[in-house]
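Heads up: the structure comes next, in structure tokens.
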Amino acid sequence: MAQLYHDASINGMAAEGVGQPLDTRVLNDDNEQQLEEFLGDNVDYDEEAEEQKYYRRKRFLTVKSVISASLGVAMTYGVYLGLLEMQLILHYDETYREVKYGNVGLQDIDNKMLMGINVTPIVALLYTPVLIRYFGTKWMIFLSSGIYALFVSTNYWEKYYTLVPSATVIGAMIVPFWASIGNYITRMAQRYYEFVNYKEENMREERRLPRGASHKYIIIFQCIFFSIFHLCFILSQFPVYFFLSKFLYGYNHTLCDVKQCGASIQSGLLPGFNLTVLHSLPSSVNLIYMESALMLVALSSMILVREVKIYSQQPLKMMCLMLLLNIFVQILILCGSAYRPTEEIDLRSIGWGNIFQLPFKHARDYRLRCLAPYFLYTGFEVLFACTGFALGYGVCSLGLENLPYLLTAYGASCCVFSSLALSLLRLPRQIPLLVGPLLHSCLLIGLFFWSPTPRDQSQSPVLYLVAVLWGIGSALNKTSVSILIGMFYEDKGRQDFVFTIYHWLQALAIFIVYLWSGLPMMVKLGLVLASALISVLSYLWMEHKIKLKVQPRIPKIPSPRHKVKGYRYLEEENSDESETEDEGNDCEMDNNEISASEEEDCREQPPQSQRTRKRTSFYEQVVEE
């Protein structure tokens, strides 16, 4: 058939053009010169300079993404904590509850809401890795920020069926949110190293980074993140600064029945505290202060404030909602992705069953088991500073009107002294990791023997000093332990599992603090002190085992199981394999990262080159067919 069409085309051309030469166009000299200029080498083009500009822009975008994510998380938590603090203060006031809501039972709703926030994270270990692998790191941060906006929106109609479910959802998203943040910052530090050293051979071949190469940038990026994030403790006090402080009674009224403070407290957070803390109910006119503070961030919220006719505190919540909406849109637009699209596909392609099991398998690593008391301790000390110390010592002595200033001193100390973790660039890692718990232990021993006098303003310098020193320890703890995880687990295929374990244990510690709220202050101090000392001993034992070169038992990450569909996996040079494999699988990692019991399983796994060759042969077969 093909020969027939060929002959017919020749005969047709001959019949039409009998005795006529074919029309061929000859290029003149000008056209030839233009063609040579177009196809020839561009003398003015400097490939090396253009490459430098490209990677310089990549480095700038990486830093911008980290700063944007840090600001977004700080503002999200600032609005969330500030609204929660204001809500609890308003609902505590007996007059406010009776006048505004009658027999709704706000205190019971608040207790159920706090239970939802603190209890739900216990089961987060079961689903966090699956959510992160399914949505991706960046989208998980974005969706979690939306959940916080959902919590703010439910405060427009303060009922049991709005507040409690939204608080439960927030509790469910705490661990995925923080695991995604830790994974994101670590991965962006590694990508920054790739953009700085783009000329190296292993960067051009897209192979795994040299061990320890990105530690410098992990330290710097984690310090940047926590220095910005701890601003949330300052931002969370803005609603009290600009709105609620004018309606609070002085300390002589709120503390009139308080007889014990500090270590003398026998039960509860602050027994004897007055049930009426507001001398007058808030009016909508006073919201202009908050509106002016949020004007530059959410201009559209002012229109909504004027149109909505609801209770006096509702416009403030509307502005907080619009602010949160702007924040997580900012996270989505300004924050770059931590992984390439093909890398995200590889992270999912190991199988959902393996993703579910790997957090539990990582518990076999003795480093994580030794760091588990440290993870619990970081959750204990932060919540104790914001509740036990701030209320049992600070409010009991200075009054509720000085609570924002005490928490601001703590937050400012955390912001400033998070940069102390940069000492890991020069000093041994043991120093910043031990200074925080030891500093807290000294403060706890002092708090054991100190019972401030109620309504004694002369003790304020000591209280602020303790808040600042506690902030130094908290900053060192959180920043250093996040850096340590990033340094231990550089493989991008297992970072989300390790950060999930870390933040799940932190959430478990927060749940334990929620349970002990009714215990005597001496018991609380003893538990925090015991956790600090145990974390120090456990960490030193881990360092001792590392010094003895004990091999940690790290689970093997399965190879991606791709479906042979689409152009991504039909190329001759397949660059989409997970970088967890240096020459094809995890078996060729250093001896320090895999146990001897898994070597036999590794031998049975086919190398990457064979898998790539199979795909290439299949592609050739399809083309031939």
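The values are calculated or read from the model by the stated rules, or taken from the named source; none is laboratory data. Keep in mind that what you see is a predicted model, and the values were worked out from it rather than measured. Reconstructed Cβ throughout: ideal geometry from the backbone, glycine too, with neighbour counts over all protein chains shown. Note: accessible area is taken over every heavy atom of the protein model, side chains too, but ligands, DNA and RNA are not part of it. Shrake-Rupley method; radii C 1.70, N 1.55, O 1.52, S 1.80 Å.
Might you work out the accessible area of Trp352 for me, using a 1.4 Å probe with all protein chains in place, and round it to the nearest 10 Å²?
110
Count charges around Cys414 for me, please; just the other residues with Cβ under 13 Å from its Cβ, Lys/Arg as +1, Asp/Glu as -1.
Value of the local net charge: 0.
Residues in segment 224-268 near a label at Ser419, defined as backbone nitrogen under 16 Å from the 7 Å Cα→Cβ point?
Residues 224-231 fall inside that zone.
So what does Glu47 come to for accessible area, using a 1.4 Å probe and Å² rounded to 10?
We get 130 Å² for Glu47.
For segment 101-201, which semi-axes, largest first and in whole Å, follow from the square roots of 5 times the eigenvalues of its Cα gyration tensor?
Sorted largest first and rounded, they come to 38, 13, 9 Å.
Could you calculate the contour length gain from Ala363 to Lys199, that is, 0.36 nm times the residue separation minus the distance between their Cα atoms, to one decimal place in nm?
55.3 nm
Rank these residues by their accessible area, most exposed first, probe 1.4 Å: His362, His279.
The ranking, largest first, comes out as His279, His362.
Give a residue-ordered list of calculated ³J(HN,Hα) values for segment 215-229 (Karplus: 6.51 cos²θ - 1.76 cosθ + 1.60, θ = phi - 60°; whole Hz; x for Gly, Pro).
4, 4, 6, 4, 4, 5, 5, 5, 5, 4, 4, 6, 5, 7, 4
Could you compute how much accessible surface Ile512 exposes when probed at 1.4 Å, giving the result in Å² to the nearest 10?
Approximately 60 Å² for this residue.
What residues have an amide H closer than 5 Å to that of Leu278, excluding those fewer than 5 places away on the same chain, when H is modeled at 1.01 Å from N in the peptide plane?
Correct list: Tyr249.
Compactness ratio of segment 422-564: Cα Rg over 2.2 N^0.38 Å, N = residue count?
Ratio of Rg to 2.2 N^0.38 Å for segment 422-564: 1.35.
For an R0 of 41 angstrom, estimate the FRET efficiency from the Cβ-Cβ distance between Gln430 and Leu88 and round to the nearest 0.05.
0.55
Local charge sum around Arg369 (other residues, Cβ-Cβ under 11 Å, Lys/Arg +1, Asp/Glu -1)?
Within the 11 Å Cβ shell, the charges total +3.
Can you put Met542, Met173 in order of accessible area, largest first, using a 1.4 Å probe?
Met173, Met542
Residue by residue, what Karplus-based ³J(HN,Hα) values in Hz, rounded to whole numbers, does segment 477-484 have, using 6.51, -1.76 and 1.60 with θ = phi - 60° and x for Gly and Pro?
For segment 477-484, the Karplus-derived couplings read 4, 5, 5, 5, 6, 5, 5, 4 Hz, x marking Gly and Pro.
Given H placed on each backbone N at 1.01 Å, which residues far from Ser559 in sequence or on other chains put an amide H within less than 5 Å of it?
none
What's the ranking of 423-432, 400-409 by average number of surrounding C-beta atoms within 10 Å, highest first?
Highest to lowest by the protection proxy: 400-409, 423-432.
Quick check: residue separation of Tyr160 and Ser280 times 0.36 nm, minus the Cα distance between them. What number comes out in nm?
Length gained, Tyr160 through Ser280: 40.6 nm.
Once phi is turned into ³J(HN,Hα) by the Karplus curve 6.51 cos²θ - 1.76 cosθ + 1.60 with θ = phi - 60°, what whole-Hz value does each residue of segment 170-185 show in order, with x for glycine and proline?
Karplus-based 3J(HN,Hα) across segment 170-185 equals 4, x, 5, 9, 5, 5, x, 4, 6, 5, 5, 5, x, 5, 5, 5 Hz.
At a 1.4 Å probe radius, which order do Met115, Met86 fall into by accessible area, largest first?
Met115, Met86
Filter Lys199/Lys547; Lys216/Lys547; Lys58/Lys138; Lys216/Lys545 down to the pairs with a C-alpha to C-alpha distance above 29 Å, please.
Lys199/Lys547
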